[in-house]
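In what follows, a structure is listed as structure tokens, so that the remarks can point back to it.
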Amino acid sequence: MTFRTICAAIGLALLATTAGACPNYERGSISGTFSAGDFYQPQTASVRAGGDQSINGCGIRFGSDRGRGYVTVAPDFTIRINGLENYKIEFSVVSECDSILLINTGTGSWFYDDDDNGNYDARIILTRPRSGRFDIWVGTHDGAVCDAQLKIETYRR
């Protein structure tokens, strides 16, 4: 089963949110297990960027940029990726609005980006990722909601 197929199957269930809460990786359930090689050719999935939960004041300590934005409580995608030892991995967004990207890794590290993909879109590159769980939120900077594409790609180090 491909990344895109799994994402399409779970897309509607991930739109639900709980008011007044912060992003919560515990609300995600693994939707697929992949190898690093599965993303050697870029894989994309459609997503509705945004949400009604502000990440401001949530006390998240980011290992990357510090910022603000709006996401859903539950991750948009929760996947497991094995065999990342000799790879770096890139998560990027192309959207119709000012997107943000929020990722929690299986080691408990949080990463955030706002505009590194250009055109007000987000990109996070992990140069020494560990295999495991990735909880991914595609949000927006200003609370708007729009159509977006998440792309995941691995590169050999």
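The values are calculated or read from the model by the stated rules, or taken from the named source; none is laboratory data. Remember, it's a predicted structure, so these values are computed and weren't measured experimentally. Neighbour counts are summed over all protein chains in view; Cβ atoms, including those assigned to glycine, are modelled from backbone coordinates with ideal geometry. What goes into the accessible areas is simple: the full protein's heavy atoms, side chains included, and nothing from ligands, DNA or RNA. Shrake-Rupley method; radii C 1.70, N 1.55, O 1.52, S 1.80 Å.
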Over all viewing directions the Cα convex hull of the chain casts an average projected area in nm² of 7.9 nm²
For the stretch 31-90, whose charge dipole is built from +1 on Lys and Arg Cβ atoms and -1 on Asp and Glu Cβ atoms, the candidate among Val71, Thr33, Ser46 with its Cα farthest towards the positive end is Val71
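Given the rule -39500 (n - 2.57) for each run of at least 4 DSSP H residues, summed and divided by the residues of the chain, what is its mean residue ellipticity at 222 nm, to the nearest 500 deg cm²/dmol? Show your work: numbers first, answer last.
Numbers: 1 runs with 8 residues, N = 157.
Here the helix-only value at 222 nm equals -1500 deg cm²/dmol.
For the stretch 77-107, run through the GluC sites (Glu not before Pro) and keep only the ones in DSSP coil with at most 16 other Cβ atoms within 10 Å of their Cβ. Display every interim value, and only then the final one.
Working: sites: Glu85, Glu90, Glu96; in loops: Glu85, Glu96.
Passing sites in the stretch 77-107 are Glu85, Glu96.
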Largest first and rounded to whole Å, the semi-axes √(5λ) derived from the alpha carbon gyration tensor of the stretch 54-101 read 23, 15, 12
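Rounding to the nearest 20 debye, state how big the charge dipole of the stretch 21-145 is about its Cα centre with +1 on each Lys and Arg Cβ and -1 on each Asp and Glu Cβ. Working shown, then result.
Working: 11 positive and 16 negative charges, 107 e Å.
Charge dipole of the stretch 21-145: 520 debye, to the nearest 20.
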Cα extents of the stretch 96-149 per principal axis, largest first, Å, are 31, 18, 16
Under the 7 Å Cα-to-Cβ spin-label approximation, Tyr155 and Arg128 lie apart by a distance in nanometres of 1.7 nm
Shape descriptors of the stretch 66-157 over alpha-carbon atoms, Rg and Dmax in angstrom, are 12.6, 37
Reported to the nearest 10 Å², Val94 has, with a 1.4 Å probe, an accessible area equal to 90 Å²
Taking Cα pairs closer than 8 Å and at least 6 residues apart, the relative contact order of the chain in percent is 31 percent
Per the rule of 0.36 nm per residue minus the C-alpha distance, extending Phe62 to Cys22 adds in nm 13.0 nm
